[in-house]
Amino acid sequence: MNIHVKQRAAVMKITPAAILRLQELMNKQEGVGLRVGVKNGGCAGMEYTMEWATEQGRFDEVVEQDGTRVLIDAKAVMFLLGTEMDYQSSTLKAGFVFNNPNQISACGCGESVQLKAAEHAH
């Protein structure tokens with residue numbers, strides 16, 4: 001009997017610039033990876049959260065790419081489906097940015113966003 005297991009796509013994609021920055025940071029940090037989530041807050045309604053995880057949560061989604069490891073908080077998965085995580089640096093600011101197809105709007109400063117849950121694929 002031949003069993004075919006369909007592998008599902010990762011919740012989030014990580015750009016080469018973000019991978020380079022994650023690799024730099026992972027070499028300096030203790031833990032199992034960077035945990036990304038969302039929380040209520042800011043003038044647009046929600047904010048992205050990032051913290052170094054000391055352990056993987058039971059329901060975390062894991063995105064591993066080129067030696068990096070990002071854990072997606074289970075409560076954030078539906079808001080982050082299809083998101084691209086990038087790293088951008090300019091003269092005034094450097095940091096991770098999220099190109100999220102579930103984003104409806106953002107505040108003027110870009111620190112908070114309004115998100116909708118991703119639609120289920122049929």
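The values are calculated or read from the model by the stated rules, or taken from the named source; none is laboratory data. Everything numeric in this text was worked out from a predicted model, so none of it was measured. When we count neighbours, we look across all protein chains shown, and the Cβ atoms used for this are built from the backbone with ideal geometry, even at glycine.
For the reader, a short list of remarks on this structure follows.
Every residue, every condition in (1) aliphatic (A, V, I, L, M); (2) at pLDDT below 90, yes or no:
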| residue | (1), (2) |
| --- | --- |
| 6 | no, yes |
| 10 | yes, yes |
| 32 | yes, no |
| 35 | no, no |
| 43 | no, yes |
| 66 | no, no |
| 88 | no, no |
| 92 | yes, yes |
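- From the options 80, 71, residue that is farther than 17 Å from residue 102 by Cβ and of a type in the set (A, V, I, L, M, F, W, C): 71
- If you go through the stretch 58-91 and keep only what is within 14 Å of residue 18 (Cα to Cα) and either crowded, with 18+ Cβ neighbours inside 10 Å or under 11 Å from the mean Cα position of the chain (by Cα) (or both), you end up with 63, 68, 69, 70, 83, 84, 85, 86, 87.
- Any hit, the stretch 14-34, residues being closer than 22 Å to residue 118 by Cβ and surrounded by fewer than 18 Cβ atoms within 10 Å (Cβ to Cβ): yes
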